[in-house]
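J.: Let me give you the structure first, and then I'll get to my questions.
Any read-out appearing in this document is the output of simple, stated calculations on the displayed coordinates, not a laboratory observation. Since the model is a prediction, treat every value here as computed from it, not as a measurement. Reconstructed Cβ throughout: ideal geometry from the backbone, glycine too, with neighbour counts over all protein chains shown.
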Amino acid sequence: MIRNILAVIVGLVVGNIAIMGLHYLGMVFYPLPEDVKMNDMKAIAEYISIAPRESLLFVMFAHLGGTFISGIFTTLVSKNIIPIYIIGSFFTLAGIYNLYMLPHPLWFNIEIIFYFPAAIYSHKLIHKQ
């Protein structure tokens with residue numbers, strides 16, 4: 001039980017760090033305009049409407065990659081699949097919230113269906129070793 005709780009905590013922390021790290025890596029290739037700051041939601045919302053498709057794909061990669069990395073660390077702490085369900089659910093709900101808070105192109109909504117499978121796949125990948 002304690003191991004499962006620890007696995008969820010580790011997964012959430014590592015997953016969020018991974019997502020932000022991948023976001024910043026994406027900004028190396030697709031930098032934000034100088035007047036846009038990461039903590040200014042209004043400026044980010046305006047940028048999303050003019051952002052190149054590739055930069056949005058990198059954002060999608062960051063979200064799904066962070067969920068995948070989160071699943072790996074969660075599985076390394078606990079081999080039980082229940083923490084993975086919690087991680088997958090958390091990142092799915094966070095993704096829905098993100099789509100609700102910031103205007104995204106319609107095609108971007110497809111990422112929502114991949115959060116949970118990313119967590120499950122990472123578990124299956126690590127668990128069979």
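J.: Looking at residue 103 and the list (1) part of a helix (DSSP H, G or I); (2) under 28 Å from residue 53 (Cβ atoms); (3) not hydrophobic (A, V, I, L, M, F, W, C), which single condition is not satisfied?
T.: For residue 103, the exception is condition (1).
J.: Next question, about the same structure. Can you tell me which condition residue 11 does not meet? The list is (1) in contact with a Pro (Cβ under 7 Å, 6 or more places away or on another chain); (2) within 21 Å of residue 108 (Cα to Cα), and all the others hold.
T.: (2)
J.: Shifting gears a bit: For region 106-129, what are the residues that are surrounded by fewer than 19 Cβ atoms within 10 Å (Cβ to Cβ), in a helix (DSSP H, G or I) and not hydrophobic (A, V, I, L, M, F, W, C)?
T.: 109, 117, 121, 124, 127
J.: Read through the list (1) over 16 Å from residue 70 (Cβ atoms); (2) surrounded by 11 or more Cβ atoms within 10 Å (Cβ to Cβ); (3) within 19 Å of the chain's Cα centre (by Cα), then give the number of the only condition that residue 23 fails.
T.: Unmet for residue 23, out of (1) over 16 Å from residue 70 (Cβ atoms); (2) surrounded by 11 or more Cβ atoms within 10 Å (Cβ to Cβ); (3) within 19 Å of the chain's Cα centre (by Cα): (1).
J.: Among 62, 118, 45, which is touching a Leu at 6+ places or on another chain (Cβ under 6 Å), within 16 Å of residue 26 (Cβ to Cβ) and not polar (S, T, N, Q)?
T.: 62
J.: Can I ask one more? Pairs under 6 Å by beta carbon, first residue surrounded by 12 or more Cβ atoms within 10 Å (Cβ to Cβ) in region 30-47, partner small (Gly, Ala, Ser), six or more apart or different chains?
T.: Taking only residues 6 or more apart or on different chains, the pairs are 30/55; 36/43.
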